[in-house]
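The values are calculated or read from the model by the stated rules, or taken from the named source; none is laboratory data. Just so it is clear, the model here is predicted, and its values are computed rather than measured. FYI the Cβ positions are ideal-geometry reconstructions off the backbone, even for glycines, and counts take in every protein chain you see.
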Amino acid sequence: MIAWRFPISTRGHHAEAVAAGVRAVKMDPSTILMTMGMVTQRLGLGVTYSTTYYEPFHVARLFATMDLMLKGRAAWNIVTSLNRAEAANFGRDEHMGHDARYDRADEFMEVVLGHWNTWENDALILDKSSNRFADPAKVHRLDHVGQYFRSHGPFSVPRSPQGHPVLIQAGQSGRGQAFAAKWAEVVFVIYHSLEDGKGEYAGFKAAVAAAGRDPARVHVAPACYVCVGETEAVAQEKRAVIEATARDVDALVLLSEVLNYDFAKKPLDEPFSDEELAELSFQGFRDRVIRHSGKKNPTVRDFITVSGRGTIKEHTMFCGSPQQVADQMEEWFAAPACDGFVLAASHMPGAYDDVVRLLVPELQRRGLFQKNYAGATLRDNLGLAIPRAADWRAARRQSAR
């Protein structure tokens, strides 16, 4: 998944980010996704697009086109943008407030899903002999008029083999969780421990049920690093090398990006004021640091240390031999604290190669990882149902409530 914002670096400049290559290159994700799709057959492919600085018809058409061309393997990682750099890149003077971004995002989703549902499953006829391409009675206009958007239609892309792209989301603030519970099919989360994970997992599944959805159809996947070696000693040696590469300045760049605040302008050990904490845009991230530091007003150093931003301490680390790592992951899965994992690379190249070469065979031996693909679409392989193109009038009535 690829974003388009540029990290804020020390004193608001980009020099440190460019010099160290910290998220400094971010190419257009749709082009890369389609290129990868041309040389793969079963791989699901997801990219990030924002609900804050795009129009819903554009995003709906872009992802529906990719999903159709990839025969049902596309996913959309839904984000509400984070920082002023994004606002400036899109010609805005100010960045929207946290809750306002989610209010806009809710309506954005109504429009996108509304357009995706205006083509009924059997709308295409494709009969040359009768000169009939599609049944116009089964292709509808959306005619959406709301607080943030007006979108007419008709939509110009038929449904894909998986109905529509898989929806991924990562909100962990109170408002973000409500958004994920309402819309997401795969939820990307960050847990600091297994005990935290069990509690937050159960709480989120309850929120999904309260939103009127089946919790079993919403998968929760915490981010993790895997450092696996032929033996525990080999894995620990790899881990020590990786940990030795961490730099505070890289953490400052990445914290500034994700929280929309120039962390370099404060001394490392000066506490944030209540007013400064309120300015930080990623509330779920901020609240985790406050909770795990045990401080109502953490310092810059606390943000670096507790968040682990830019280091392998940022996410859960499973480290050891293939058997040890499989034990650790199985414990989380069985707890339950998750439905799967998002594997972040602790180093490149090599991290994913080690997982495929050493860990996957052990997980397959335990029956915890597939040996064959369940089907041709991403939904097949995630165990997600294909959404029906419900009666478009009923869908519109529901979104209007």
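Considering only residues that are touching a Ser or Thr at 6+ places or on another chain (Cβ under 9 Å) and farther than 20 Å from VAL111 by Cβ, look in the stretch 177-215 and name the one that is surrounded by the fewest Cβ atoms within 10 Å (Cβ to Cβ).
SER193
I'm trying to understand the selection: among the residues of the stretch 340-350, which are assigned to a loop (DSSP other than H, G, I, E, B) and closer than 27 Å to GLY163 by Cβ?
GLY340, PHE341, listed by residue number.
Between residues in the stretch 261-274 that are in the same structural domain as ALA251 (by TED's automatic domain parsing) and residues that are modelled with pLDDT under 85 and surrounded by fewer than 12 Cβ atoms within 10 Å (Cβ to Cβ), which pairs lie under 9 Å by C-beta distance while being six or more apart or on different chains?
What qualifies is ASP262/ARG11; ALA264/ARG11; LYS265/ARG11.
Between residues in the stretch 34-60 that are under 21 Å from ASP93 (Cα atoms) and residues that are hydroxyl-bearing (Ser, Thr, Tyr) and assigned to a helix (DSSP H, G or I), which pairs lie under 9 Å by C-beta distance while being six or more apart or on different chains?
Matching pairs, first to second residue: TYR49/SER30; THR51/TYR102.
Rundown of residues vs (1) crowded, with 19+ Cβ neighbours inside 10 Å; (2) out of contact with any Ser or Thr (no Cβ under 6 Å at 6 or more places or on another chain); (3) under 15 Å from LEU82 (Cα atoms), yes/no style:
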{"residue": "ASN260", "(1), (2), (3)": "yes, no, yes"}
{"residue": "ASP269", "(1), (2), (3)": "no, no, no"}
{"residue": "GLU275", "(1), (2), (3)": "no, yes, no"}
{"residue": "SER281", "(1), (2), (3)": "yes, yes, yes"}
{"residue": "ASP287", "(1), (2), (3)": "no, yes, no"}
{"residue": "HIS292", "(1), (2), (3)": "no, yes, no"}
{"residue": "LYS296", "(1), (2), (3)": "no, yes, no"}
{"residue": "ASP302", "(1), (2), (3)": "yes, no, no"}
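I need the full set of residues from the stretch 85-129 which are under 15 Å from VAL139 (Cα atoms) and in contact (Cβ under 8 Å) with a residue 40 or more places away in the chain, in order please.
Selection gives LEU113, GLY114, HIS115, TRP116, ASN117, THR118, TRP119, GLU120, ASN121.
Name the single residue, out of those in the stretch 194-227 being of a type in the set (Gly, Ala, Ser) and touching a residue at least 40 places away in the same chain (Cβ under 8 Å), that is farthest from PRO322 (Cα to Cα).
Across the stretch 194-227, the extreme among qualifying residues is GLY197.
Yes or no: ALA233 modelled with pLDDT of 95 or more and either buried (at least 18 other Cβ atoms within 10 Å of the Cβ) or within 20 Å of MET109 (Cβ to Cβ) (or both)?
So ALA233 fails the test.
Quick test for you: out of ALA264, ALA223, pick the one residue that is modelled with pLDDT of 85 or more, closer than 22 Å to SER81 by Cβ and small (Gly, Ala, Ser).
Just one listed residue meets the conditions, ALA223.
Take the stretch 351-386 and flag every residue that is in a loop (DSSP other than H, G, I, E, B) and more than 24 Å from the chain's Cα centre (by Cα).
Listed by number, the residues that qualify are ARG366, GLY367, LYS371, ASN372.
For the stretch 308-330, which positions are in contact with a Leu (Cβ under 7 Å, 6 or more places away or on another chain) and either among the polar types (S, T, N, Q) or surrounded by fewer than 18 Cβ atoms within 10 Å (Cβ to Cβ) (or both)?
GLU330
Can you name the residue in the stretch 240-258 that is crowded, with 19+ Cβ neighbours inside 10 Å and not polar (S, T, N, Q) and is also nearest to the chain's Cα centre (by Cα) among such residues?
VAL258
Could you look through the stretch 299-310, keep only residues that are in contact with a Lys or Arg (Cβ under 9 Å, 6 or more places away or on another chain) and not aliphatic (A, V, I, L, M), and pick out the one that is farthest from PRO267 (Cα to Cα)?
GLY310
Hey, ARG401 hits all of (1) modelled with pLDDT under 95; (2) buried (at least 17 other Cβ atoms within 10 Å of the Cβ) but one; which does it fall short on?
With (1) modelled with pLDDT under 95; (2) buried (at least 17 other Cβ atoms within 10 Å of the Cβ) applied to ARG401, the lone miss is (2).
Write out, first by first residue and then by second, each pair whose Cβ atoms fall under 9 Å of each other, whose residues are 6+ apart or on separate chains, and whose first residue, in the stretch 321-338, is under 14 Å from ASP354 (Cα atoms) and outside the structural domain of LEU194 (by TED's automatic domain parsing) while the second is among the polar types (S, T, N, Q) and surrounded by fewer than 19 Cβ atoms within 10 Å (Cβ to Cβ).
Going by the 9 Å Cβ cut-off, the qualifying pairs are SER321/THR231.
For the stretch 65-102, how many residues are over 18 Å from the mean Cα position of the chain (by Cα) and modelled with pLDDT of 95 or more?
Qualifying residue count, the stretch 65-102: 6.
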